[in-house]
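Asker: My structure is below; once you've seen it, I'll send some questions.
Just so you know, all these numbers are worked out from the coordinates, no wet-lab data involved. Quantities reported herein were computed from a predicted structural model and do not represent experimental measurements. Here the Cβ positions follow ideal geometry from the backbone for every residue, glycine too, while neighbour counts run over all protein chains shown.
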């Protein structure tokens with residue numbers, strides 16, 4: 001059962017990324033004007049940085065497992081990401097671009113995630129799902145592990161956003177109800193945080209059935225960028241709740257809320273896919289998900305999220321196998 | 001300049017150094033290229049629309065001659081050399097010092113005639129939504145900017161020897177900022193307090209560093225900037241090293257306290273407190289030119305006092321235009337600084 005949840009999680013994430021892509025940075029009214037209700041993946045376009053960074057995070061877990069350190073992650077950035085940047089770095093969040101610049105300057109984590117101004121970016125939240133798969137059923141461990149990766153590129157609220165997603169996925173992997181999944185995300189972050197305040201406001205707004213109230217509570221209106229983790233994670237969880245945890249409805253709900261729509265739909269898809277399993281991802285969407293192009297991260301080119309999910313599941317099983325600590 | 005302005009504050013007095021901090025900040029504000037852009041908000045909106053269209057034209061036709069703010073069929077005064085937003089926020093702070101900080105900002109809420117930084121705009125929205133400080137400054141996309149560092153100059157000038165100064169500064173800063181944004185304000189206040197009391201620039205920089213833990217971005221950057229500037233030995237010589245060490249080329253809103261406050265501290269120190277050496281160098285850090293020159297001017301002006309500052313610059317910088325806070329149009333910064341004594 002966990003394998004299909006792992007595959008559903010990353011397939012749902014990739015589908016949300018691809019479906020939300022044309023809605024990115026648009027307000028709901030503009031999405032409605034252009035697409036009516038956006039329910040289909042643009043054929044042949046595929047996903048973005050959300051999928052590719054998720055594959056990268058999964059490969060870190062396969063390699064290092066629970067013993068991973070921030071220094072390991074920084075070394076992987078230096079060896080796997082930075083050398084393959086030929087000219088401009090394409091399709092990355094502010095936090096990843098900032099972290100690369102910081103690492104190029106010789107800074108080490110956690111300063112690499114604090115030196116730039118984009119610690120709040122949703123760049124960790126967008127790649128947090130593999131940590132929840134790896135630590136399925138253990139939201140505390142998922143939140144701990146994602147922060148090991150997170151401090152390389154993010155600070156404070158950006159790390160919290162990743163922790164909320166990873167912890168929620170860890171609980172979704174048990175088949176828990178959406179309300180319980182969201183509570184696990186909330187429990188992973190400090191109560192006195194922007195992320196927590198926004199998540200609670202999102203839960204209330206969805207319960208009240210009011211997108212207007214959701215927007216008023218979590219969307220930062222006087223700011224030209226949409227990738228603030230406290231906002232994006234709240235919109236993603238709202239979409240997941242609006243869709244009652246069903247993959248199609250969760251992804252579509254999140255994408256049609258707009259803002260950082262590829263990331264929010266990817267997170268909603270990861271939560272719903274983990275809860276419902278691979279078969280619950282609409283087949284017409286699954287057909288559109290091919291191997292990663294490496295457009296954003298050349299090192300992941302050719303890898304398919306379903307293969308990555310299977311490998312990650314196997315890594316998590318090995319990590320938890322009783323004979324793992326046997327003398328060699 | 002009106003006669004008699006300077007007679008009451010003899011050189012070498014704390015009052016002269018307070019006026020020096022205020023006018024020094026305004027001179028730096030005026031020296032940076034963004035000042036003219038801020039002041040262009042005093043022109044009719046179609047003037048700025050035409051400027052945007054000409055920018056697009058220059059892009060399309062591959063022209064290097066950029067349309068900087070201009071005043072077609074408009075009064076030309078707003079685009080003459082002069083102060084802009086930072087000088088106005090310093091003045092506003094001096095005039096509202098004794099009000100509760102959340103109340104002072106809340107009173108600005110709902111106004112449609114303000115031009116403010118992203119941190120301030122978001123804080124006003126938070127206050128209106130019932131999020132009081134420190135949440136108003138924390139749940140804020142530009143919590144890290146230097147809006148509060150500018151305002152901190154007023155608090156330090158008003159109460160340089162007060163043990164309550166850090167608390168006053170933190171209370172003000174927390175309305176609009178958190179993290180490095182608050183630390184930058186505490187550092188500026190500590191440095192200006194030392195200078196207004198007659199201390200050296202070296203002592204002022206030490207006082208600022210004491211507010212900036214080394215494991216924060218602003219603390220790390222301040223020490224990096226000081227090392228770079230000391231190695232260069234001279235403010236202008238330090239510009240390339242500071243650009244390389246401090247400037248975030250990924251994100252182009254150059255008002256992060258972790259960049260501007262360290263630049264100001266480093267240039268003020270290596271100049272030995274000379275505004276005419278430090279401010280032009282700060283203005284050469286083009287991506288930080290919105291506020292780093294102003295902070296640099298506040299530090300060096302507080303060190304030397306108003307009387308040591310160049311007369312022509314004082315005359316150009318002392319009168320506010322109201323480009324950010326319209327009610328301050330025509331206000332005289334030297335009068336406002338005098339009101340603090």
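Asker: So residue B:155 passes all but one of these: (1) in contact (Cβ under 8 Å) with a residue 60 or more places away in the chain; (2) assigned to a loop (DSSP other than H, G, I, E, B). Which condition number does it fail?
Answerer: Evaluating residue B:155 over (1) in contact (Cβ under 8 Å) with a residue 60 or more places away in the chain; (2) assigned to a loop (DSSP other than H, G, I, E, B) leaves (2) as the failure.
Asker: For the structure I just gave you, tell me whether residue B:300 is in a helix (DSSP H, G or I) and within 30 Å of residue B:248 (Cβ to Cβ).
Answerer: Details: in a helix (DSSP H, G or I): yes; within 30 Å of residue B:248 (Cβ to Cβ): yes.
It is true that residue B:300 is in a helix (DSSP H, G or I) and within 30 Å of residue B:248 (Cβ to Cβ).
Asker: Restricting attention to the stretch A:205-232, and to residues there that are free of Cβ contacts under 8 Å to residues at least 40 places away in the same chain, outside any helix (DSSP H, G or I) and facing chain B (nearest Cβ under 8 Å), which single residue is nearest to the chain's Cα centre (by Cα)?
Answerer: A:220
Asker: Which of the residues that make up the stretch B:199-244 are part of a loop (DSSP other than H, G, I, E, B), surrounded by fewer than 17 Cβ atoms within 10 Å (Cβ to Cβ) and away from chain A (no Cβ under 14 Å)?
Answerer: Once the filter is applied, which keeps residues that are part of a loop (DSSP other than H, G, I, E, B), surrounded by fewer than 17 Cβ atoms within 10 Å (Cβ to Cβ) and away from chain A (no Cβ under 14 Å), the stretch B:199-244 yields B:200, B:210, B:233, B:234.
Asker: Looking at this structure, is residue A:136 more than 11 Å from the chain's Cα centre (by Cα), within 17 Å of residue A:243 (Cβ to Cβ), outside any helix (DSSP H, G or I) and touching a residue at least 40 places away in the same chain (Cβ under 8 Å)?
Answerer: No: the conditions fail for residue A:136.
Asker: With the structure loaded, tell me whether residue B:167 is free of Cβ contacts under 8 Å to residues at least 12 places away in the same chain, over 18 Å from residue B:264 (Cβ atoms) and assigned to a helix (DSSP H, G or I) or whether it fails that test.
Answerer: Numbers: free of Cβ contacts under 8 Å to residues at least 12 places away in the same chain: yes; over 18 Å from residue B:264 (Cβ atoms): yes; assigned to a helix (DSSP H, G or I): yes.
When the stated conditions are applied, residue B:167 passes them.
Asker: Taking the residues in the stretch A:92-115 that are within 10 Å of chain B (Cβ to nearest Cβ) and more than 21 Å from the chain's Cα centre (by Cα) as candidates, determine which candidate is surrounded by the fewest Cβ atoms within 10 Å (Cβ to Cβ).
Answerer: Filtering first and then ranking leaves A:105.
Asker: Return the residue satisfying two criteria in turn: it lies in the stretch B:105-124 and is without any contact (Cβ under 8 Å) to a residue 12 or more places away in the chain and farther than 18 Å from residue A:216 by Cα, and of such residues it is surrounded by the fewest Cβ atoms within 10 Å (Cβ to Cβ).
Answerer: Among residues in the stretch B:105-124 that are without any contact (Cβ under 8 Å) to a residue 12 or more places away in the chain and farther than 18 Å from residue A:216 by Cα, the one surrounded by the fewest Cβ atoms within 10 Å (Cβ to Cβ) is B:112.
Asker: Let me ask something else about it. When you go through (1) touching a residue at least 40 places away in the same chain (Cβ under 8 Å); (2) assigned to a loop (DSSP other than H, G, I, E, B); (3) more than 13 Å from the chain's Cα centre (by Cα); (4) within 30 Å of residue B:222 (Cβ to Cβ) one by one for residue A:123, which number turns out not to apply?
Answerer: Of everything listed in (1) touching a residue at least 40 places away in the same chain (Cβ under 8 Å); (2) assigned to a loop (DSSP other than H, G, I, E, B); (3) more than 13 Å from the chain's Cα centre (by Cα); (4) within 30 Å of residue B:222 (Cβ to Cβ), residue A:123 misses just condition (3).
Asker: How many residues are outside any helix (DSSP H, G or I) and surrounded by fewer than 24 Cβ atoms within 10 Å (Cβ to Cβ) when one looks only at the stretch B:255-281?
Answerer: 3
Asker: Kindly indicate whether residue A:151 is in contact (Cβ under 8 Å) with a residue 60 or more places away in the chain, closer than 19 Å to residue A:61 by Cβ, within 14 Å of chain B (Cβ to nearest Cβ) and part of a helix (DSSP H, G or I).
Answerer: Spelling it out, residue A:151 is indeed in contact (Cβ under 8 Å) with a residue 60 or more places away in the chain, closer than 19 Å to residue A:61 by Cβ, within 14 Å of chain B (Cβ to nearest Cβ) and part of a helix (DSSP H, G or I).
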